[in-house]
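Working notes, structure below.
The values are calculated or read from the model by the stated rules, or taken from the named source; none is laboratory data. Here the structure is a predicted model, which is why all the values come from computation and not from measurement. Cβ placement follows ideal geometry from the backbone for every residue including glycine, while neighbour counts extend to all protein chains displayed. What goes into the accessible areas is simple: the full protein's heavy atoms, side chains included, and nothing from ligands, DNA or RNA. Shrake-Rupley method; radii C 1.70, N 1.55, O 1.52, S 1.80 Å.
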Amino acid sequence: MFQPIPMSGPDLTAAEVEAVHQVITTRFLSFGPYLTEFENSFATRVGARYAVGVSSGTAGLHLAVIAADVGPNDIVITTPFSFVASANCVLYERGIPLFVDIDPQTLNIDPAQVNAAIQDIRAGRPERWLPPALRQTPAAVGDIKAILPVHVFGQPTDMDPLLDMAQTHNLSIIEDACESVGSTYKGRPAGMLGDVGVFAFYPNKQMTTGEGGLIVTDNEDWANLFRSLRNQGRDVFDTWLTHTRLGYNYRLDELSAALGQAQLSRLDTLLSKRSQVANWYTTRLTDIAGVQPPYLTPETTYMSWCLYVVQLDPDLDRNQTMTMLQNQGIPSRAYFSPLHLQPFYRQKFGYQPGDFPVTERVAQFTLALPFFGNMTEAQVNRVCQVLDDVIQQQRV
Ligand SMILES: *Cc1c(COP(=O)(O)O)cnc(C)c1O
């Protein structure tokens, strides 16, 4: 019999165990030297002036939205093909996540559509871009404040056109780099392409802190704001019970920071192991009819693999494929389910199927296969073998 294959899993060694153990022996569990060391090392790694550790990627995105001055009814242009946190962070500040459709190859936000939306909105013709529920009351819609691209599955968005638009129209760019630690776009590190970048370290990401995240920026005022907001609104010069502004408890504890530092020291190894697994998959899948391996654009000068997501041919039933795989002990996931069709987005904004056709078409046929750094070639072969069988059974 075959051993079950997990969907994902962290790559942890004795070095990580030792790092966490060390923190416990200090008996000093929050806001100490391990956080500072992790922040400084991470900043050096990506070439950022400032890195601010936070309790999750979602928390980091929320703080980035606050820094970009997003308030009630302000617009943030973003993608509907993502994890829900990249749009929810706008709602936390009562802003409007304004979705535009994606590029069918990279699966990232389509810069041409972003440009068209900005032109129409700034010319006073926002209706066709607004969520259906807001089309009757366009006057109640505020200004565009930011663009929030998501580097989906690790592949950077085509950022240069977005950077041009941001400059021309005075917009901030918040990069959701939660899936792309280590990726580069035209040689430049993901997360350092816009005004602020956010990373996430949940256990299924390329590196983990348990729960945790980190914000990078070159903007000193924003870095100070992030440090205050994550720490209950205390400014650096405030005493423990003085709170200059409304803040949060979004701190990253010492245990998590030490784990993060140990993972960061091994990041090149972590990424190359994942890259090897992705290569095994891609090589095997070229022999299998009905499956397209992930597309990599030439602008992706280094691909840091977060997930390995294939697309099935349209004559295949993705959900049935998932069930058939599961029956053979192979887990898989339907990444992503379009955000505009999530129950509360439909209820709040009146979205319907058909509103973002590229996203919906892609989302119907994408399939994330088991993927983690310690996956063996034999495991990859088994997944591919079962996938091939399951596809052939559907085609008889
Ligand atoms: C994982 C992820 C997040 C959120 O990270 P958490 O640390 O789980 O809060 C945000 N956006 C994307 C695209 C992600 O994949």
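Points to keep in mind about this one:
- Computed over segment 1-135, Kirkwood Rh from alpha-carbon pairs, angstrom: 18.8
- Packing here is the average count of other Cβ atoms within 10 Å per residue, and on that basis the peptides 26-36, 214-224, highest first, run 214-224, 26-36.
- For segment 353-396 versus segment 10-72, the gap between their alpha-carbon centres in whole angstrom: 33
- Here segment 225-275 is treated as a Stokes sphere of Kirkwood radius computed over C-alpha pairs; at 4 °C and 1.567 mPa s its diffusion coefficient rounds to 100 µm²/s.
- Within straight-line cross-link reach of LYS273, lysines at Cα separation under 16 Å, skipping those fewer than 8 residues along the same chain: LYS205
- Coarse-grained scattering of segment 291-354 at q = 0.23, 0.28 Å⁻¹, given as base-10 log I(q)/I(0) from a Debye sum over alpha-carbon atoms: -1.03, -1.14
- Gaussian network model of the chain, springs between alpha carbon atoms under 10 Å - residue of GLY260, GLY290, GLY194 with greatest fluctuation: GLY290
- Backbone geometry of segment 256-261 corresponds, through the Karplus equation with coefficients 6.51, -1.76 and 1.60 at θ = phi - 60°, to 3J(HN,Hα) couplings of 5, 5, 5, 4, x, 5 Hz, x marking Gly and Pro.
- Note on LYS145: accessible area approximately 50 square angstrom, rounded to 10, probe 1.4 Å, nucleic acids and ligands left out.
- 3J(HN,Hα) along segment 168-184: 4, 9, 6, 10, 8, 10, 9, 8, 7, 9, 4, 10, 10, 4, x, 5, 10 Hz, from the Karplus curve 6.51 cos²θ - 1.76 cosθ + 1.60 with θ = phi - 60°, whole Hz, x for Gly and Pro.
- Heavy-atom surface of the chain, accessible at 1.4 Å and reported per residue (Å²): 42
- Net charge of neighbours whose Cβ lies under 14 Å from the Cβ of ARG49, counting Lys and Arg as +1 and Asp and Glu as -1: -3
- Taking the charge dipole of segment 17-88 about its Cα centre, with +1 at Lys and Arg Cβ atoms and -1 at Asp and Glu Cβ atoms, the residue from PRO33, VAL54, SER86 reaching farthest to the positive side is PRO33.
- Longest to shortest principal axis, alpha-carbon extents of the chain, angstrom: 68, 61, 36
- In Hz, Karplus ³J(HN,Hα) per residue of segment 47-64 (6.51, -1.76, 1.60; θ = phi - 60°; x = Gly, Pro): x, 9, 5, 10, 10, 10, x, 9, 7, 6, x, 4, 4, x, 5, 4, 5, 5
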